[in-house]
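J.: Quick one: the structure is below, and I'll ask about it shortly.
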């Protein structure tokens, strides 16, 4: 922005860009509905509803797993911090900090200080905080947090209050669980992400090539829209999946499929911060 002289055109604004690539691959899953399932159901539509729920849940878990492998780990972001049980360096330029379940830790001050540091270095203040299950469980009973809200109308910790506590637009709990055991073996459930970790960053409220964002999910809508036959967008605002249905005359059986075609990419590493070992105690351990 510059002062415009009388009769002159305004100075033109622009910014530099760089080229990169992404690769959207088709992932799919099918559920077969046997005629016996329909005949034995009081509601003939219940087997179809159950199949859609099954497919949607598995698609979401698959996306959560890919999201964690792409974004929620060390080695991706420009800022990385590691919690220690005692004697942290105490400066924003180093990578260690006092774990939140240790005496003297101040979670709100810590996050706001790191948010201010990102704003100073990038011009963008973080608006999203993603926390693991153990971090969430600790915060829900943290004396520092509880003392601040005990006289409020709710008096109970929720994610909206946590967002205000940390001065971000939203706090998300990454609590997805998967069974990693092979079929037929004893169950082995675990969290998709490290329950003691956390991510802080700026996520564009509305995706646009003109708005920087820590990361983007690129969706191949043309591929999904080109599929023929009865189908509909899966129940999510981003339209990241398509559900198709059909009938196999040779089986005979109905089938329902879910398809996705997307790629996840960190597009601005300096707009993300990853924190490991935020708490030292496993609040879910037996």
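J.: Among what's in the range 79-91 and is in a loop (DSSP other than H, G, I, E, B) and surrounded by fewer than 16 Cβ atoms within 10 Å (Cβ to Cβ), pick the residue that is modelled with the highest pLDDT.
T.: Residue satisfying both the conditions and the ranking: 85.
J.: With (1) more than 26 Å from residue 137 (Cβ to Cβ); (2) more than 16 Å from the chain's Cα centre (by Cα); (3) part of a strand (DSSP E or B) as the list, and residue 212 as the residue in question, which single condition is left unmet?
T.: All conditions pass for residue 212, except number (3).
Here is a yes/no grid of residues against (1) in contact with a strand residue (DSSP E or B) (Cβ under 6 Å, 6 or more places away or on another chain); (2) in the same structural domain as residue 60 (by TED's automatic domain parsing); (3) surrounded by 20 or more Cβ atoms within 10 Å (Cβ to Cβ); (4) farther than 21 Å from residue 64 by Cβ:
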| residue | (1), (2), (3), (4) |
| --- | --- |
| 146 | no, no, no, yes |
| 160 | no, no, no, yes |
| 167 | no, no, no, yes |
| 172 | yes, no, no, no |
| 188 | no, no, no, no |
| 200 | yes, no, yes, no |
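J.: Take the range 264-286 and flag every residue that is touching a helix residue (DSSP H, G or I) at 6+ places or on another chain (Cβ under 9 Å) and modelled with pLDDT of 85 or more.
T.: Residues satisfying the conditions are 264, 265, 266, 268, 270, 271, 272, 273, 275, 278, 279.
J.: Within the range 222-240, is even one residue in a strand (DSSP E or B) and modelled with pLDDT of 90 or more?
T.: Within the range 222-240 (the criterion being in a strand (DSSP E or B) and modelled with pLDDT of 90 or more), the answer is no, since none of the residues qualifies.
J.: Right, here's the next one. Give the range 1-55 a look and list any residue that's touching a residue at least 60 places away in the same chain (Cβ under 8 Å), assigned to a loop (DSSP other than H, G, I, E, B) and closer than 26 Å to residue 220 by Cβ, or say none.
T.: Within the range 1-55, 20, 22, 23, 24 qualify.
J.: In this structure, does residue 110 turn out to be part of a strand (DSSP E or B), more than 22 Å from residue 244 (Cβ to Cβ) and at pLDDT below 95?
T.: For residue 110, the condition - part of a strand (DSSP E or B), more than 22 Å from residue 244 (Cβ to Cβ) and at pLDDT below 95 - is not met.
J.: Still on this structure: Give the residues of the range 171-212 that are closer than 23 Å to residue 100 by Cβ and without any contact (Cβ under 8 Å) to a residue 40 or more places away in the chain, sorted by residue number.
T.: Once the filter is applied, which keeps residues that are closer than 23 Å to residue 100 by Cβ and without any contact (Cβ under 8 Å) to a residue 40 or more places away in the chain, the range 171-212 yields 177, 190.
The values are calculated or read from the model by the stated rules, or taken from the named source; none is laboratory data. Source: prediction; values computed, not measured. Positions of Cβ are generated from backbone atoms using ideal geometry, with glycine treated the same way; all protein chains shown enter the neighbour counts.
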